[in-house]
Amino acid sequence: MEVTVHRPGELTAADRAAWTAMQSKAHLNGSPDLSNPFLAPEFTLAMARVRGNVRVAVARQDGEPAAYFPFQRSRTGVGRAVGLGVSDCQGLVHRPGFEWDARGLLRDCGLAMWEFDHLAAGQDAFETGASGRFASPVMDLDEGYEGYLARVRARSPKFLRSTLAKGRRLSRDHGEVRYVHDERDPDVLRRLIAWKSAQYRRTGRSDRFAHDWITHLVHQLFHSRGDSFAGVLSVLYAGGAPIAAHFGPRSERVLVCWFPAYDPDFARYSPGLLLHLHMAEAAAADGIAYIDLGRGQKQWKDSLKTRELTVSEGWVALRHPMAIGHRVHRAPVRALRNTVVGRPELFGPADRLLKRLGKIRAGRQND
């Protein structure tokens, strides 16, 4: 096997086509998680436009491409998954039957270690370094929208009945409810970003859009248009005004829930849940197999899901001082966060504290 490392923009058209073909056929070859849009060449290329340290390792066997491994590399050789912190699926995209040695791959890439937090299932070589495994809820659409509704209704009839009733009340109170699955108005995208930033601050979370590179990445993906990959802005309108929106990437088979938000003035109508039901209907009509709601247990995800994927976090490393130092620094932080998030008796008080701090911070900004 020969491994070469490239800047994403240096990949040939043939390499990009081969990478896309591996994704397109992944569900037929027993690796459906590789169909995720975060593993697409378009996402890696967009990341390379906003972060200069993105690279792609290409593995070839008998002169033919066998695998593509995107990563980010620091000057000291510490590697991380592309978009770590915002990417909801990570790993190596490969053809059927391809096997690799994780540490050998690190050496070929000039890495002391590689860190991940949403490793796709089936990446056995990397999973040996997993420190935790987590559920990623999914809305299955392979039986169509009516099939999805039937699954949800069988599990939680009261939830579905009350949500649809709120949609009818919204229409009575505020005028026609309209849904646009693929909105192309950049002003609406900017409004979504403003809603999401306010939500982060209101709930005491770190505002991702305070980082310019994330904002630029979202705008890059918004303008990505193709059959195998696109950035999709979905919007729910009431009385002609947007009240809820979501932006996320989609591949041929998977739409990822990435940045959903809504106007808090309409909170009593559950506009986020209504939006996701409309998204499911439109995505099913487009041939999407499932919507990935992303890692993390939240009540709205539990209400909408039909099953769960499993993603892993951790790292693989060589015996190298930089790898040891990085792990010593990162491991306690991860362990504390996962302990709090994974235990309701700890998460509830922590969540309430963050929201109180968010209100205090918002009050100071308004003074």
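Kirkwood hydrodynamic radius, the chain, all distinct C-alpha pairs: what's the number in Å?
21.7
Magnitude of the Cβ-charge dipole of the chain, K/R +1 and D/E -1, about the Cα centre, nearest 20 debye?
Dipole about the Cα centre, nearest 20: 1740 debye.
For the chain, set up a GNM with springs between Cα atoms under 10 Å and report which of Ala198, Ala154, Ala238 has the largest fluctuation.
Ala154
Assuming 0.36 nm per residue, please report the length gained on full extension of the stretch Thr4 to Leu164 beyond their Cα-Cα distance.
52.3 nm
Hey, can you grab everything whose amide H is under 5 Å from the amide H of Ser131? Only 5+ residues off in sequence or another chain; H modelled, so Pro and N-termini drop out.
Under 5 Å from the amide H of Ser131 lie the amide H atoms of Glu313, Gly314, Trp315, each far enough along the sequence or on another chain.
Quick one: putting +1 on the C-beta of Lys and Arg, -1 on the C-beta of Asp and Glu, what dipole do you get for segment 142-184 around its Cα centre, in Debye to the nearest 20? Don't skip to the end; give the middle numbers.
Numbers: 11 positive and 7 negative charges, 84 e Å.
With Lys and Arg at +1 and Asp and Glu at -1, about 400 debye.
Set Lys and Arg Cβ to +1 and Asp and Glu Cβ to -1, take the dipole of segment 173-302 about its Cα centre, and tell me which of Ile214, Ile243, Ser270 lies farthest positive.
Sorting the options by dipole projection puts first Ile214.
Over 10 Å intervals from 0, what percent of Cα-Cα pairs in segment 122-232 sits in each interval?
Histogramming segment 122-232 at 10 Å steps yields 10, 20, 34, 31, 4, 1 percent.
How far is helix 157-174 tilted off the main Cα axis of the chain, in degrees rounded to 10, range 0 to 90?
The angle comes out near 60 degrees.
How tilted is helix 344-366 with respect to the longest principal axis of the chain? Cα atoms for both, answer in degrees (0 to 90, nearest 10).
70
Given labels modelled 7 Å from the Cα in the Cβ direction, how far is it in nm from Asn53 to Ala154?
4.8
Compare the peptides 220-227, 84-91, 19-26 by average per-residue count of other Cβ atoms within 10 angstrom and give them in order, highest first.
On the way: 220-227: 15.0, 84-91: 21.9, 19-26: 20.0.
Going from most to least packed, we get 84-91, 19-26, 220-227.
Using a Gaussian network model of the chain with C-alpha springs under 10 Å, which one of Gly240, Gly231, Gly83 is most mobile by mean-square fluctuation?
For the chain, modelled as a Gaussian network with Cα springs under 10 Å, the answer is Gly240.
Can you give the alpha-carbon Rg of segment 224-281 over 2.2 N^0.38 Å, where N counts its residues?
Working: Rg = 12.2 Å, N = 58, 2.2 N^0.38 = 10.3 Å.
With N residues counted in segment 224-281, Rg over 2.2 N^0.38 Å equals 1.19.
Working from Cα positions, state the angle (0 to 90°, nearest 10) between the long axis of helix 271-285 and the longest principal axis of the chain.
On a 0 to 90 degree scale, this one is about 60.
Considering only DSSP beta bridges where both residues belong to the chain, give the percentage that are antiparallel (nearest 5).
Here the antiparallel bridges make up roughly 90 percent for the chain.
In terms of the Cα gyration tensor, with a ≥ b ≥ c the square roots of its eigenvalues, is segment 1-150 rounded because a/c is under 1.5, prolate because a/b exceeds b/c, or oblate? Could the numbers behind the result be given before it?
Values: a/c = 1.61, a/b = 1.41, b/c = 1.14.
Taking the square roots of the gyration eigenvalues as a ≥ b ≥ c, segment 1-150 is prolate.
Given Ala57, Gly97, Gly83, which one lies farthest toward the positive end of the charge dipole of segment 1-100, if we put +1 on the Cβ of every Lys and Arg and -1 on the Cβ of every Asp and Glu?
Gly83
Stretch Ala267-Ala21 to full length: gain in nm at 0.36 nm per residue minus the Cα-Cα span? Before the final figure, lay out each step's value.
Values: separation 246, 0.36 × 246 = 88.56 nm, distance 4.21 nm.
Result: 84.4 nm gained on full extension.
Explain nothing, just the number: relative contact order of segment 1-142, from Cα pairs under 8 Å at least 6 residues apart, as a whole percent.
On the way: 201 pairs, mean separation 33.0, N = 142.
Normalised by residue count, the contact order of segment 1-142 is 23 percent.
Among Ala135, Ala283, Ala121, determine the one that fluctuates most according to a GNM of the chain built with springs between C-alpha atoms less than 10 Å apart.
It is Ala135.
From the C-alpha coordinates alone, can you work out the Kirkwood hydrodynamic radius of segment 180-282, in Å?
Working: mean 1/r = 0.0717 Å⁻¹.
Its Kirkwood hydrodynamic radius stands at 14.0 Å.
Tell me the mean residue ellipticity at 222 nm calculated for the chain from its helices only (DSSP H runs of n ≥ 4, each -39500 (n - 2.57), averaged over every residue, nearest 500).
Theoretical 222 nm ellipticity from helices: -13500 deg cm²/dmol.
No lab work stands behind these numbers, since they all come straight from the coordinates. No experiment lies behind these values; they were computed from the predicted model shown. Quick reminder, even Gly has a Cβ in these numbers, built from the backbone with ideal geometry, and neighbours come from all protein chains shown.
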